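K.L.:
There's a structure below that I have some questions on.
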Amino acid sequence: MYGSTLVMRCRTDQLSVTLDLSNLKNLLGNEDVLADCSGVNYSVYVTQSRLLVGKRFMLGENYVNVPHSNVSSIELITKSVLPPLTFALLAAIGAFLVWWFPGQGRSALPAFPYNIILFGSAGLFLVGLASVGWRRRVAILRIGVVGSKEPFTVKMVSTSKAEGVFRALKG
């Protein structure tokens, strides 16, 4: 993937746009990419000697070349899964209580107002579980550079990819 030129063509309503990503290969030279990750605002590539940080969704390619010795701090920020897990647990308990008390534990659904409450709390349980998965898979990677006021903050990056960048820079 990194050794050849990648050309992407997008076709929309008689408009053909060609985006040539060969400039990244020119920036890397003969170095291999140890790890990479992309968030909504930055793309990060780690090689043996340097770190390339590029702004996404800009006209042209703007990459900042940072040697490993100039990286002052690395933070991998993940959110806790306890708040949505607690929310899901409370919703499950609520669904069980609504099913048990009005219906006396029958296998049939309870009558009118209670069945809506049961489905609502079951839906909240599913939303809580989905947010637990989201919080486990999405992180923020913050890379501090010597001489820079603001660190590079890569938002909404895959946790596994960010861990790879973290290990490549630490190791």
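K.L.:
Quickly run through segment 147-171 and pick out the residues that are touching a Phe, Trp or Tyr at 6+ places or on another chain (Cβ under 9 Å) and within 16 Å of LEU51 (Cα to Cα).
P.N.:
At the first step, the residues of segment 147-171 found to be touching a Phe, Trp or Tyr at 6+ places or on another chain (Cβ under 9 Å) are 152-155, 157, 165.
Passing the criteria: PHE152, THR153, VAL154, VAL165.
K.L.:
Of all residues in segment 110-140 being surrounded by 14 or more Cβ atoms within 10 Å (Cβ to Cβ) and not in a helix (DSSP H, G or I), which is farthest from the chain's Cα centre (by Cα)?
P.N.:
If we take residues in segment 110-140 being surrounded by 14 or more Cβ atoms within 10 Å (Cβ to Cβ) and not in a helix (DSSP H, G or I), then PRO110 is farthest from the chain's Cα centre (by Cα).
K.L.:
I've got another one for you. I'm trying to understand the selection: among the residues of segment 141-171, which are in a helix (DSSP H, G or I) and aromatic (Phe, Trp, Tyr)? Before you say what the answer is, go through the steps one by one.
P.N.:
Restricting attention to segment 141-171, the residues satisfying the condition of being in a helix (DSSP H, G or I) are 159-170.
Result: PHE166, single match.
K.L.:
Related question: Tell me, which strands (runs of 3 or more DSSP E) lie completely within segment 23-88 with 2 or more residues that are at pLDDT below 95 and of a type in the set (D, E, K, R)? Give the derivation first.
P.N.:
Details: elements: 35-38, 42-46, 50-55, 63-67, 71-78.
By residue number, 50-55.
K.L.:
Could I ask something else about it? Need pairs with beta-carbon distance below 6 Å; first residue farther than 30 Å from GLN48 by Cα and within segment 62-90, second β-branched (Val, Ile, Thr); sequence gap 6+ or separate chains.
P.N.:
Correct list of pairs: VAL81/VAL132; PRO84/VAL132; LEU85/VAL132.
K.L.:
Let me ask something additional. Restricting to segment 40-93, and then to whatever is in contact with a strand residue (DSSP E or B) (Cβ under 8 Å, 6 or more places away or on another chain) and of a type in the set (Phe, Trp, Tyr), can you tell me which residue is farthest from ASN26 (Cα to Cα)?
P.N.:
Once the filter is applied, the top-ranked residue is TYR42.
K.L.:
ARG137 fails exactly one of the following numbered conditions: (1) under 20 Å from LEU34 (Cα atoms); (2) without any contact (Cβ under 8 Å) to a residue 60 or more places away in the chain; (3) charged (D, E, K, R). What is the number of that condition?
P.N.:
Failed condition: (1).
The rows are residues; the columns are (1) surrounded by 18 or more Cβ atoms within 10 Å (Cβ to Cβ); (2) of a type in the set (A, V, I, L, M); (3) closer than 30 Å to GLY133 by Cα.
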residue: LEU28; (1), (2), (3): no, yes, no
residue: TYR42; (1), (2), (3): yes, no, yes
residue: LEU52; (1), (2), (3): yes, yes, yes
residue: MET58; (1), (2), (3): no, yes, no
residue: VAL71; (1), (2), (3): yes, yes, no
residue: PRO83; (1), (2), (3): no, no, yes
residue: THR86; (1), (2), (3): no, no, yes
residue: LEU90; (1), (2), (3): no, yes, yes
residue: LEU97; (1), (2), (3): no, yes, yes
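K.L.:
Residues of segment 143-158 being touching a residue at least 40 places away in the same chain (Cβ under 8 Å) and surrounded by fewer than 17 Cβ atoms within 10 Å (Cβ to Cβ), which ones? Spell out the reasoning first.
P.N.:
The first filter runs over segment 143-158 and keeps only residues touching a residue at least 40 places away in the same chain (Cβ under 8 Å), leaving 143-147, 151-158.
Residues satisfying the conditions are GLY144, VAL146, GLY147, PRO151, THR153, LYS155, MET156, SER158.
The values are calculated or read from the model by the stated rules, or taken from the named source; none is laboratory data. Only a predicted model underlies this, so the values are computations on that prediction, with no experimental measurement involved. Cβ: placed from backbone, ideal geometry, glycine included. Neighbour counts: every protein chain shown.
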